[in-house]
Every structure is written in C-alpha cells, then in structure tokens.
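*Asks:* Questions regarding the structure given below will be posed in turn.
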Amino acid sequence: MKITVKDAETGNRINMEVEEDNTVEEIIEEAANYWKKNPGAYVIRLGKKILQAELTVEEANLQDGDIIELIPDPEGG
C-alpha cells in the first residue's frame, strides 16, 4: 500500500510503499534517512496519536493513502 510521510518541520512529503508487516520504526528510519535526520529523535503521528515504533503497519491501522507526520520526539530522542 502507499502512504505519504510529511515532515512536520518543513512540510516536505515523500510517498512510500509499505507492506502490512513493515514496522513504524522502519518507516521512521526510511523517512529520516531520506531527509538526513537522526531517526532516534523522531516519532510518527497519525492524527493526534503517536504510533509506537514496534507496531506493524497492520497493527497501527494504517490505510492505503494515509498521510502520517514525522515529528520531533516530544519526549526527546
């Protein structure tokens, strides 16, 4: 399925192809590497909810076409 990851700091977006068994952590790493950021300092937000890094795409209920945000970890990274 295709999702869009938005960089909350810059507004930049990337489209990503993910599988149901990919983890949120893998999405963070891929997006952070793309934007040359430290993956450990960021989390993914879907709506108002922070997605736990160990969740799979399926467990996080991500749907085809979802837009998720890469945001600085509010608890520090």
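The values are calculated or read from the model by the stated rules, or taken from the named source; none is laboratory data. Quick caveat: nothing in here was measured; it's all calculated off a predicted structure. Cβ sites come from the backbone with ideal geometry, for glycine too, and all protein chains shown count toward neighbours. With ligands, DNA and RNA removed, areas are computed over all heavy atoms of the protein, side chains included. Shrake-Rupley method; radii C 1.70, N 1.55, O 1.52, S 1.80 Å.
*Asks:* Taking all protein chains in place and a 1.4 Å probe, what share, in percent, of the accessible surface of the chain do carbon and sulfur account for?
*Replies:* For the chain, the apolar C and S fraction of the accessible surface comes to 42 percent.
*Asks:* Can you tell me the orientation of helix 24-34 relative to the chain, as the angle in degrees between its alpha-carbon axis and the longest Cα principal axis, to the nearest 10?
*Replies:* Result, in degrees: 50.
*Asks:* Here's a follow-up. I need the phi-derived Karplus couplings for the stretch 51-57: 6.51 cos²θ - 1.76 cosθ + 1.60, θ = phi - 60°, integer Hz, Gly and Pro marked x.
*Replies:* Values, residue by residue: 8, 5, 4, 7, 5, 7, 4 Hz.
*Asks:* Looking at the chain as a GNM with Cα springs under 10 Å, which of I44, I14, I67 has the largest mean-square fluctuation?
*Replies:* I14
*Asks:* Please identify every one of the trypsin sites (Lys or Arg not before Pro) in the stretch 1-75 that sits in a loop by DSSP and has no more than 11 other beta carbons within 10 Å of its own beta carbon.
*Replies:* Loop-located and lightly packed - K36, K48.
*Asks:* Determine the sum of side-chain charges near G65: Lys and Arg each +1, Asp and Glu each -1, restricted to other residues whose C-beta is under 14 angstrom from that of G65.
*Replies:* Cβ neighbours under 14 Å give a net charge of 0.
*Asks:* Hey, another quick one. When ligands, DNA and RNA are left out and all protein chains stay put, how many square angstrom of accessible area per residue does the stretch 2-72 have with a 1.4 Å probe?
*Replies:* Accessible area per residue, the stretch 2-72: 60 Å².
*Asks:* Further, regarding this structure: Can you compute the helix-only [θ] at 222 nm over the chain? Use -39500 (n - 2.57) per DSSP H run of at least 4 residues, normalise by all residues, nearest 500 deg cm²/dmol.
*Replies:* -4500 deg cm²/dmol
*Asks:* Something else: Relative contact order for the stretch 9-77 using alpha-carbon pairs under 8 Å, separation at least 6, rounded to a whole percent?
*Replies:* Relative contact order for the stretch 9-77 comes out at 37 percent.
*Asks:* For E19 and A41, compute 0.36 nm times the residue count separating them, minus their Cα-Cα distance, and round to one decimal in nm.
*Replies:* Working it through step by step, the gained length comes to 5.5 nm.
*Asks:* Could you give me the radius of gyration and the Dmax of the chain, taking only the C-alpha atoms into account and expressing both in angstrom?
*Replies:* In Å, with Rg to one decimal and Dmax whole: 11.0, 30.
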